[in-house]
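These notes concern the structure reproduced below.
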Amino acid sequence: MELIENLNWRYAVKRMTGAKVPQQKVNSILEAARLSASSAGMQPYKIIVVEGGELKKQLQPLAFNQPQITEASHLLIFAAFEKITAQDIDDFITLQATVKNVAPESLAVFKDRLVTSILHRTEEENFNWAARQAYIALGTSLIAATNEAVDATPMEGFDPAAFDELLGLKKLGLKSIAMLVLGYRDEANDFLAKAPKVRKLMKDFVVNI
C-alpha cells in the first residue's frame, strides 16, 4: 500500500522550488535505474546527470523555456546508444563473465543469440530498441523518486538534437530521448499542486481475458 500511496502523491510537477535534492537520494534513484529491467541485461543507454545552474540555463531554451529546467535540483537525461556494435556485445559478454566468474567461452550460445537478434537488425531498429530500454529505466527512476519523497517529472518536450550537440553526446555515440527532472514542488506557484489525480477507472484500464 505504501507504493500506491506514493504513486497517488506524485504528479507531473510544473514548478519547483530550486531546493537541492540530497545527493544520497539522487544516488538511490540512479542506483534504481542501474538495477532496472533491461532486455538481455544489455542496458544500451546512459544517464547524463546535469546539476550545474549555468548548463541548465543553456538547456532551458532548447526545452521550450519550461521553468522546471532551471528550477529543478537535477536533470537526468536518458540517452540511448545510437547504434549497437559487435564491440558492445563483446564488452557485455566480458562483463557477464567477470561478474559471474565464468569463462567467456561458456557464454558462447548466449553471445550467438545476441549477435543474431541484434546485429541483423538495422541501426534504426536497434536505436528504437535501445530507446525502449531507456524508457523502462526512466519508469523505474520515477518510482524510485517517489520512494525518496522527491518530485520527478518525465519530459520529452525538448530538442534532442540540440541537447545532444550542447552536451557532446554525438561523440559518445548517444542520442537523448527523454529527461527526468528532480526537485521539490512549489505548491504556491504550481497550478497542479492541489488538483486531483485523474486516471482511468480500473474497469476501463484493464482487460481481463
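Just so it is clear, none of the values below were taken in a lab; they were calculated from the coordinates. Since this is a predicted model, take the numbers as computed values, not measurements. Here the Cβ positions follow ideal geometry from the backbone for every residue, glycine too, while neighbour counts run over all protein chains shown.
At a Förster distance of 35 Å, what's the computed FRET efficiency of Asp159 paired with Ala19, Cβ-Cβ distance as r, to 0.05?
Plugging the Cβ-Cβ distance into 1/(1 + (r/R0)^6) gives 0.80.
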Per-residue ³J(HN,Hα) for the range 9-22, Karplus 6.51 cos²θ - 1.76 cosθ + 1.60, θ = phi - 60°, Hz, x for Gly and Pro:
6, 6, 7, 7, 5, 9, 10, 10, 7, x, 5, 6, 7, x
Per the rule of 0.36 nm per residue minus the C-alpha distance, extending Glu5 to Met202 adds in nm 69.3 nm
Selected from Ala79, Thr94, Ile118, residue furthest toward positive end of dipole (the range 1-137; charges at beta carbon):
Ala79
How much mean residue ellipticity at 222 nm does the chain get from its helices, if each DSSP H run of length 4 or more adds -39500 (n - 2.57) and you divide by all residues, to the nearest 500 deg cm²/dmol?
-13500 deg cm²/dmol
Please give me, ordered by residue number, the GluC sites (Glu not before Pro) of the range 130-209 that lie in loop per DSSP and have at most 16 other Cβ atoms within 10 Å.
Glu156, Glu187
What are the residues whose amide H is under 5 Å from the amide H of Ala178, where those residues sit 5 or more places off or on another chain and H is modelled from the backbone?
Phe78
The relative contact order of the range 43-167, taking Cα pairs under 8 Å that sit 6 or more residues apart, comes to a percentage of 33
Once you sort the root eigenvalues of the Cα gyration tensor of the range 99-209 as a ≥ b ≥ c, which label holds: rounded (a/c under 1.5), prolate (a/b larger than b/c) or oblate (the other case)?
prolate
For Lys83, which lysines qualify as cross-link partners when the Cα separation must be under 19 Å and same-chain residues fewer than eight apart are set aside?
Lys46, Lys111, Lys170, Lys171, Lys175
Which lysines have a Cα less than 18 Å from the Cα of Lys20, not counting those fewer than 8 places away in the same chain?
Lys56, Lys57
Degrees between helix 23-34 axis and first principal axis of the chain (Cα, 0 to 90, nearest 10):
40
Size of the chain along its principal axes in angstrom, Cα-based, largest extent first?
60, 47, 32
For the range 48-59, Karplus-derived ³J(HN,Hα) couplings (6.51, -1.76, 1.60; θ = phi - 60°; whole Hz; x for glycine and proline) come out as 9, 9, 10, 10, x, x, 5, 5, 4, 5, 6, 7
Neighbour counts of other C-beta atoms within 10 Å: give me Leu169, Leu76 arranged from fewest to most.
Leu169, Leu76
Residues Phe92, Phe64 arranged by fewest to most Cβ contacts within 10 Å
Phe64, Phe92
